[in-house]
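Notes follow once the structure below has been shown.
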Amino acid sequence: MHQKLDSFTLLQLQSFVAIGQCQNLTSASKLIRKDRKTLREHLDHLESELNVELFNKRGKILHLSEKGLVFYKAANLLLYNAKCLNNLGNSLTKERKNTLNIATNSFFPQNLTSAIDKELRSKFKDVLVNWYSINNNTECSSDIIKHDVDIGLISITGEIAAPVPPFGLEACYLGHSYGGIYSRKDSYLHNKKNIKHQDLFDNTRFLLKGTVREDWLKEHSLSYATREFDDIHFLIDCLCNEGWTYLPHHIGKKISKLGIIEVDCALYAKAFITQHAMLFRGEELAPAVTYVKERVIDFFTEHLLTEQ
């Protein structure tokens, strides 16, 4: 892998990270508001400079390759540091440009964030809106406290109870949604009429870091072995070969084309509930932040909480 950092631009890295998050060019182009051709050119440039394939294509879905995942984590970190540097630069100028930084994790419904982003850019044209993907909720809370992020939209799996916000932050509990236990379609879990605890226990459970409360996980592990992942795309790639995982239905439906389907295991699936919450600083909120807060609540009321 060649080291030609002077040949990379932040825009190219942003395009790459967006493709890695969305797994296809169409969704990625909508996320960062750039056309598909530009994203393809950015990706081709990076792969040419690095002399590696960053993605493995399965149908219309782009999965990060092994080396692509390594580069994805590094690019994400670099973009985050660039954002922090930009915020610092803005704070040193007298005429600071209005910015709104919003962080989300992998379980938060993407259709809601896309709709909110569209409305924000239309209503607050003088505000620069930045969306960031976070690896865990602790990271999100820390970034809000440090003023690197204005709003955190998080999801966490556990018992039905409103998440308690960290000291110094306020939280708005948005509600909860159900999901299911998923494994590859040729797993023996799909051949059993009545799934028992032992069936799950004998298989490795895959878990996305930061999406399950640690105290709840210790009491409800449901498996002799648990593998934790920093990236949901890598988790799904591994799930194509073995193991099982819990996913909210809005994510599980998207990966059925990969041969990963829900296990007929309603009793245990109901043991998991994904809670959704919004974190923000306990201070007077800027108009754009207040608008996001109100619209997120509206979107959940209209679109998500109808699921039982």
For the stretch 228-243, how many residues meet the condition of being closer than 19 Å to residue 263 by Cβ and within 12 Å of the chain's Cα centre (by Cα)? 1
Exactly one of 71, 107 is of a type in the set (Phe, Trp, Tyr) and modelled with pLDDT of 85 or more, and that one is 71
Are there helices (runs of 4 or more DSSP H) fully within the stretch 1-75 with at least 3 residues that are touching a strand residue (DSSP E or B) at 6+ places or on another chain (Cβ under 7 Å)? List them. 10-22
Subset of the stretch 136-160, residues assigned to a strand (DSSP E or B) and at pLDDT 85 or above, comes to 151, 152, 153
Residue 128 fails exactly one of the following numbered conditions: (1) in contact (Cβ under 8 Å) with a residue 40 or more places away in the chain; (2) under 17 Å from residue 32 (Cβ atoms). What is the number of that condition? (1)
Tell me whether the stretch 117-129 contains one or more residues that are under 19 Å from the mean Cα position of the chain (by Cα), surrounded by fewer than 14 Cβ atoms within 10 Å (Cβ to Cβ) and at pLDDT 80 or above. yes
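Yes/no matrix, rows are residues, columns are (1) surrounded by 14 or more Cβ atoms within 10 Å (Cβ to Cβ); (2) of a type outside the set (Val, Ile, Thr); (3) at pLDDT 85 or above; (4) under 26 Å from residue 259 (Cβ atoms):
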| position | (1), (2), (3), (4) |
| --- | --- |
| 7 | no, yes, no, no |
| 23 | yes, yes, no, yes |
| 37 | no, yes, yes, no |
| 53 | no, yes, yes, yes |
| 56 | no, yes, yes, yes |
| 66 | no, yes, yes, yes |
| 75 | yes, yes, yes, no |
| 79 | yes, yes, no, no |
| 87 | yes, yes, no, no |
Tell me which residues, restricted to the stretch 265-282, are at pLDDT 75 or above and either of a type outside the set (A, V, I, L, M, F, W, C) or farther than 16 Å from residue 137 by Cβ (or both). 265, 274, 275, 276, 281
Consider only pairs whose beta carbons are under 6 Å apart and that are at least six residues apart or on different chains; among these, list those whose first residue lies in the stretch 227-247 and is within 17 Å of residue 22 (Cβ to Cβ) and in the same structural domain as residue 200 (by TED's automatic domain parsing) and whose second residue is surrounded by fewer than 21 Cβ atoms within 10 Å (Cβ to Cβ) and β-branched (Val, Ile, Thr). 236/255
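The values are calculated or read from the model by the stated rules, or taken from the named source; none is laboratory data. Keep in mind the model is a prediction, meaning the values are calculated, not measured. So basically every Cβ, Gly included, is an ideal-geometry build from the backbone, and we count neighbours across all protein chains shown.
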